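Take a look at the structure below.
The values are calculated or read from the model by the stated rules, or taken from the named source; none is laboratory data. As the structure is a computational prediction, the values presented were derived from the model and not from experiment. Backbone-built Cβ (ideal geometry, glycine too); neighbour counts: all protein chains shown. The protein model used for the area step is the full one, side chains on, heavy atoms only, and it has no ligands, DNA or RNA in it. Shrake-Rupley method; radii C 1.70, N 1.55, O 1.52, S 1.80 Å.
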Amino acid sequence: MPDSQPRQPDDHAADATRSPEGSALTLCGARLADGRIVDVRLGGSRIEAVGTAGSLVAPGARVDLRGHLLLPAPAEPHAHSDTALTADGAGADAPGPASQHPDDVQRRATEAALLQLGHGATALRSHVRIGDIQGLGALEAVLQARRSLRGLADLTAVAVPRLLTGVAGAGNLAMLRDALKMGACAVGGCPDLDPDPTGYAEAVLEVAAEHGCSVDLHTDSDDAAWLARFAAMAGGMRHRVSVGPCGGLSRLPGDVAARAADQLAASGVTVICLPQGGCSGSEHRDTAPVRLLRAAGVRVAAGSGALRDLANPVGRGDPLEAAFLLASQSGLRAEHAYEAVSSEARRAMGLPEVRVEAGFPAELLAVRGEQLAGVLSLAYSRIVVHRGRVVARTSAVREYCDSEADGSFGLPRQGRPDSGTGGGP
């Protein structure tokens with residue numbers, strides 16, 4: 001099965017890596033980021049024990065992870081499930097725009113979440129448009145997708161109205177409150193598109209305070225004065241407010257951007273950048289100045305943004321690619337780049353911290369490789385653990401022709417001569 005098509009773990013193929021929820025599962029011989037080779041025993045949705053390789057003997061299923069690096073699973077803080085996978089339905093040769101019928105939106109949202117789960121993201125937060133023609137239909141479809149994914153991945157929704165101020169925004173403001181009652185987890189939106197960006201931000205913060213939920217806004221952040229006002233307003237909701245993709249900060253003069261970064265840090269606002277490109281509602285594709293933000297003390301998480309929609313027809317939705325781009329283009333160290341798509345992304349989403357230590361959630365990603373930098377470079381084979389069980393696997397095999405062969409197609413499998421030391425299923 002190709003890398004781009006993660007299988008659902010409930011098919012009928014025999015798989016020794018499955019274990020019923022609540023039973024023990026032991027991950028054997030995995031390498032941690034600090035170089036240790038360990039066994040990890042999972043029980044239910046938690047890590048029960050971590051010990052040296054071969055030290056954990058327990059009944060239940062075992063997964064051989066020799067040759068794999070075991071990491072806290074990434075999370076996706078900035079998906080667009082309602083528009084995902086619609087690029088193929090656009091263009092001159094397309095029969096028409098992609099269907100917005102709730103059943104079709106639900107199907108695309110589910111497929112997109114499974115694709116991202118196959119990449120390793122066990123938790124996803126999707127920005128879903130409400131109001132205008134679609135009303136609450138797209139949100140209901142994404143919430144249905146969330147229910148269908150239960151046990152495979154955690155999908156939550158951010159309600160995103162277009163306008164919130166003036167007469168035109170009054171209906172959307174009421175609909176935003178309805179969206180939170182339906183099950184949206186956060187208030188979002190794009191103040192840059194409203195005639196009164198400050199009024200938009202005030203409305204969003206007021207509704208979030210009423211409902212005790214978080215805020216996650218789309219903004220290019222190329223207006224330093226507006227960003228300063230917003231940072232001052234957001235200080236009362238410390239650490240529950242995110243903005244992104246903030247590519248406009250990279251176009252501001254250095255001293256102006258530095259002051260803006262200091263203001264965001266002081267207010268506790270998290271920046272969610274999109275290294276893989278923009279998303280719907282953003283006209284620019286700049287990446288936020290992550291090194292400047294981090295130096296100022298701003299928490300920086302990274303999301304994927306568009307997944308094969310009009311904003312990015314080739315979007316992959318791969319958090320490891322986002323980390324790769326942060327390391328290769330923004331100059332972050334590999335461990336800091338991975339933190340942006342894992343621990344910082346989880347924190348921005350209000351999720352508990354994950355470490356490969358006893359007592360922490362069993363949300364893990366095993367990638368074939370020995371060091372984090374190599375994993376970000378060639379992250380082909382992956383095993384994903386959600387709530388203590390293997391929920392997705394991607395296997396890649398590289399083959400080479402024998403240079404002295406007669407030209408027949410008999411390629412040797414990659415790996416060491418002794419397959420028993422190559423590791424991994």
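Condition (residue is open to solvent by less than 10 Å² (accessible area, probe 1.4 Å) and farther than 27 Å from Leu85 by Cα) applied to the range 362-370: is it met by at least one residue? First the steps, then the outcome.
Of all residues in the range 362-370, those open to solvent by less than 10 Å² (accessible area, probe 1.4 Å) come to 362, 364-367.
Next, from what is left, pick out any that are farther than 27 Å from Leu85 by Cα: 362.
Checked the range 362-370: at least one residue is open to solvent by less than 10 Å² (accessible area, probe 1.4 Å) and farther than 27 Å from Leu85 by Cα.
For the range 30-44, which residues satisfy the criterion of being over 15 Å from Ala58 (Cβ atoms) and either modelled with pLDDT under 75 or of a type in the set (Gly, Ala, Ser) (or both)?
Step one: filter the range 30-44 for residues over 15 Å from Ala58 (Cβ atoms), giving 30-37.
Scanning the range 30-44 gives Ala30, Ala33, Gly35.
Answer yes if at least one residue in the range 6-22 is part of a strand (DSSP E or B) and either modelled with pLDDT under 90 or open to solvent by 30 Å² or more (accessible area, probe 1.4 Å) (or both), and no otherwise. Can you show your working first?
Filtering the range 6-22 for residues part of a strand (DSSP E or B) gives none.
No; the residues of the range 6-22 include none that is part of a strand (DSSP E or B) and either modelled with pLDDT under 90 or open to solvent by 30 Å² or more (accessible area, probe 1.4 Å) (or both).
For the range 321-336, the set of residues classified as buried (at least 24 other Cβ atoms within 10 Å of the Cβ) and out of contact with any Phe, Trp or Tyr (no Cβ under 7 Å at 6 or more places or on another chain) consists of Ala322, Leu326, listed by residue number.
I need the full set of residues from the range 379-414 which are modelled with pLDDT under 70 and in contact with a Ser or Thr (Cβ under 9 Å, 6 or more places away or on another chain), in order please. Even if it seems obvious, please write down each step before you answer.
Applying the first criterion (modelled with pLDDT under 70) to the range 379-414 yields 403-414.
Correct list: Arg413 only.
Let's see how each residue does on (1) farther than 25 Å from Tyr338 by Cα; (2) crowded, with 23+ Cβ neighbours inside 10 Å; (3) aliphatic (A, V, I, L, M):
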position	(1), (2), (3)
Lys181	yes, no, no
Leu217	no, yes, yes
Ser221	no, yes, no
Phe230	yes, yes, no
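Which of the residues belonging to the range 171-193 are in contact with a Gly (Cβ under 6 Å, 6 or more places away or on another chain) and either in contact (Cβ under 8 Å) with a residue 60 or more places away in the chain or not aliphatic (A, V, I, L, M) (or both)? Before you say what the answer is, go through the steps one by one.
Just the residues of the range 171-193 that are in contact with a Gly (Cβ under 6 Å, 6 or more places away or on another chain), to begin with: 172, 175, 190.
Asn172, Cys190 - these are the residues of the range 171-193 that are in contact with a Gly (Cβ under 6 Å, 6 or more places away or on another chain) and either in contact (Cβ under 8 Å) with a residue 60 or more places away in the chain or not aliphatic (A, V, I, L, M) (or both).
Output yes when any residue across the range 147-155 is among the aliphatic types (A, V, I, L, M), touching a helix residue (DSSP H, G or I) at 6+ places or on another chain (Cβ under 6 Å) and surrounded by fewer than 22 Cβ atoms within 10 Å (Cβ to Cβ), and no when none is. Yes: one or more hits.
For the range 156-174, taking the residues that are touching a Pro at 6+ places or on another chain (Cβ under 9 Å) and open to solvent by 50 Å² or more (accessible area, probe 1.4 Å), the one that is modelled with the lowest pLDDT is identified as Ala168. When the range 29-48 is filtered for residues that are open to solvent by 20 Å² or more (accessible area, probe 1.4 Å) and assigned to a strand (DSSP E or B), the ones remaining, listed by number, are Arg31, Ile37, Arg41, Arg46, Glu48.
Mind checking whether some residue in the range 73-92 is farther than 30 Å from Pro161 by Cβ, of a type in the set (D, E, K, R) and surrounded by 15 or more Cβ atoms within 10 Å (Cβ to Cβ)?
Step one: list which residues in the range 73-92 are farther than 30 Å from Pro161 by Cβ, which gives 73, 92.
When the remaining residues are screened for being of a type in the set (D, E, K, R), the result is none.
No - not one qualifying residue is present in the range 73-92.
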